[in-house]
Amino acid sequence: MIEFLKKLFGQSGSSATAKERLRLVLMTDHLELAPELIEAMKRDLVDVISRHVEVDRDKIEVNFERQDSALAMLANIPILSVNRPNPSLTLVPVPEPVASVQPPVAANGAPPNAAPPRVRKRRKRTSKKAAGTNAAPASATPASAAAN
Amino acid sequence: MHQPQTVQEEKEVQSSAPAARLGRAIVLTSGKGGVGKTTTTANLGTALANRGARVVLVDADVGLRNLDIVLGLESRVKHHLLDVLEERVSLDEALVPGKHSESLFLLAAAQSREKDDVETAKMKALISSLRERFDYVLIDCPAGIELGFRNAVAGADEAIVICTPEVAAVRDVDRVVGLLGNRFRPQLVINRLRPNLVKKGKMLSVEDVNAILRLPLLGVIADEPEIIVTTNRGEPLALRKDTPTGAAYHAIAARVAGEDVPAPMPAPAKVTILERVGSLFGGKRA
């Protein structure tokens, strides 16, 4: 109904589209122009994850992907080994030196049993809804792990 | 008055005296072409000169000389920037006096040369010597961020960035501001705003643009047909202080000069029903 009224009064709101496109394009531009920022982020990420598992620092890949109205950071962090089970940690251990860690943000039904050799973290989602809150907090709390 | 106590101090006072009188070198830039850098340079220069300041406008757009046209001085240009930089003529021979003001001068760009022909160090030295003679040295920067941009920026110590309310223009200004860094303390002029479109949600607003750029706002210029008309005639609109846009350029000039006047902000035109009906029958707006 509101949409109809807007149309009726000629408020097609293409400026909102412009604003949104501008926001996204500038995020991408700024990332492209600041490789040191990405390196720093990589370092911090690895530091956090390394508290729980041993990762292959040389083979970490961080990419940014434009989705419809959001920019996502995709980190591919190969895990070398996982510490012996420690009851004080929330991490549920797995027998193999492999773990699937998912942040709470992407808890939309990734297969819980598949245990890929690499961790795929998705963060910094800034969709329209999350625009106000900006990037997700950089907590690397492992939410779930593969269970046999 | 403070009396110099030593010879050394006296020397220092003497040497610092001319430095205090140095004019301001301001580069007008935008990254993107066609947003109104040249028009803004001409109008801001005209308005500053109108306030009594000694102003020189330097067209740094080598190869695409345009500032002379906007000022209506194209027939008076005999020598250009590169003639001066390459020491073929003196600065005085190359400076073209303005048509409407005794304190406005133009240093035209070379039309038959390329931007890469300009030596950055020489450009810097030229701007320095202009600052000794003028209160304001306004440098009309070419579009782009290559050598032409770097040369235009080289001698400046302040920057005014011109942006239109468009995605591409804002993106380019964002890039240019990143390149300029803090040294130039860039200030923003938003050009070609159409308040009626903003009101309808069809154009980025001043707030939208500056929510991204976050720069001190000097002022906003509306997209008015009279700007085209005055450019056609080679008479900057700033000569006509009685028009809203002319007054807006004067307000920007006052703000550049450090006066605490509000940033000009065009308001949406009130269209009467009669005019609206008239426009249905091919209204007579220019």
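Quick look at the numbers
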item	result
Any hit, region B:216-235, residues being out of contact with any His (no Cβ under 6 Å at 6 or more places or on another chain), surrounded by fewer than 17 Cβ atoms within 10 Å (Cβ to Cβ) and within 12 Å of another protein chain (Cβ to nearest Cβ)	no
Yes/no for residue B:182 being among the polar types (S, T, N, Q), more than 14 Å from chain A (Cβ to nearest Cβ) and more than 22 Å from residue B:23 (Cβ to Cβ)	no
Contacts under 9 angstrom Cβ, first residue in region B:91-115 being closer than 17 Å to residue B:43 by Cβ, partner part of a loop (DSSP other than H, G, I, E, B) and among the acidic types (Asp, Glu), 6 or more apart	B:99/B:235; B:100/B:235; B:103/B:135
Restricting region B:243-270 to residues that are modelled with pLDDT of 95 or more and among the charged types (D, E, K, R), the residue that is farthest from residue B:138 (Cα to Cα)	B:260
Residue B:121 vs. criteria among the hydrophobic types (A, V, I, L, M, F, W, C) and out of contact with any Lys or Arg (no Cβ under 9 Å at 6 or more places or on another chain)	yes
Restricting region B:185-209 to residues that are surrounded by fewer than 20 Cβ atoms within 10 Å (Cβ to Cβ) and more than 12 Å from every other protein chain (Cβ to nearest Cβ), the residue that is nearest to residue A:17 (Cα to Cα)	B:195
Qualifying positions in region B:97-109 - assigned to a loop (DSSP other than H, G, I, E, B) and not basic (Lys, Arg)	B:98, B:100, B:101, B:102, B:103, B:108, B:109
Condition check for residue B:112: farther than 21 Å from residue B:189 by Cα, in contact with a strand residue (DSSP E or B) (Cβ under 9 Å, 6 or more places away or on another chain), modelled with pLDDT under 95 and not in a helix (DSSP H, G or I)	no
Residues (in contact with a helix residue (DSSP H, G or I) (Cβ under 6 Å, 6 or more places away or on another chain), surrounded by 21 or more Cβ atoms within 10 Å (Cβ to Cβ) and not β-branched (Val, Ile, Thr)) located in region B:144-167	B:148, B:151, B:154, B:155, B:159, B:163, B:165
Candidates B:221, B:273, B:212, filtered to the one that is within 22 Å of residue B:138 (Cβ to Cβ) and of a type in the set (A, V, I, L, M)	B:221
Members of region A:71-99 that are modelled with pLDDT under 85 and small (Gly, Ala, Ser)	A:88, A:99
Check on residue B:213, out of contact with any strand residue (DSSP E or B) (no Cβ under 7 Å at 6 or more places or on another chain), within 14 Å of chain A (Cβ to nearest Cβ), surrounded by 13 or more Cβ atoms within 10 Å (Cβ to Cβ) and at pLDDT 95 or above	no
Residue check, residue B:170 buried (at least 17 other Cβ atoms within 10 Å of the Cβ), closer than 16 Å to residue B:37 by Cβ and within 11 Å of another protein chain (Cβ to nearest Cβ)	yes
The one condition in (1) in contact (Cβ under 8 Å) with a residue 40 or more places away in the chain; (2) within 14 Å of chain B (Cβ to nearest Cβ); (3) not hydrophobic (A, V, I, L, M, F, W, C) that residue A:44 fails to fulfil	(2)
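The values are calculated or read from the model by the stated rules, or taken from the named source; none is laboratory data. This structure is a prediction, so every number in the text was calculated from the model and none was measured. Backbone-built Cβ (ideal geometry, glycine too); neighbour counts: all protein chains shown.
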